[in-house]
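Here, each number is a calculation from the coordinates, and none is a lab measurement. Values in this document were obtained by computation on a predicted structure and should not be read as measured data. Here Cβ is always computed from backbone atoms with ideal geometry, including for glycine, and neighbour counts include all displayed protein chains.
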């Protein structure tokens with residue numbers, strides 16, 4: 001099985017809107033959807049991951065600058081291929097969020113290791 005970094009993405013506006021307008025009941029219902037999904041996908045989940053915080057870009061020389069991106073969370077998953085994993089994600093609860101997408105990146109072995 002191959003391993004993949006799964007990135008949960010949406011626009012900054014969508015994340016802000018959800019943060020400001022979601023009621024405690026909506027947040028709870030959303031978490032229940034995620035937990036239900038995680039039980040169905042348990043054999044593929046290596047690390048459930050979690051939400052991601054704000055980014056800081058570090059450049060050569062150590063210069064650090066805050067940046068805004070569309071990353072909201074991550075998981076580490078396994079599957080025979082990224083296409084097979086993508087097919088299993090079609091009903092993922094992340095898609096309840098407006099303007100959302102999921103990006104799947106294969107984790108490659110370190111050359112010579």
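Computed over the chain, relative contact order equals 49 percent, with contacts defined as Cα pairs under 8 Å that lie 6+ residues apart. Of the candidates 21, 12, 65, which one comes out as most mobile in a Gaussian network treatment of the chain with C-alpha springs shorter than 10 Å? It is 65. Between 86, 22, 14, the GNM of the chain built on Cα springs shorter than 10 angstrom shows 22 fluctuating the most. Counting pairs of Cα atoms in the range 26-85, how many percent are more than 14 Å apart? In whole percent, the long-distance tail amounts to 70.
When both the range 1-27 and the range 84-113 are represented by their alpha-carbon centers, they are found 14 Å apart.
Put in line by how crowded their Cβ is, counting other Cβ atoms within 10 Å and starting with the fewest, 67, 105 read 67, 105. Here the Gaussian network model covers the chain, with springs between Cα atoms less than 10 Å apart; of 60, 28, 82, 60 fluctuates the most.
Enclosing the Cα atoms of the range 2-106 in their convex hull gives a volume equal to 114 cubic angstrom per residue.
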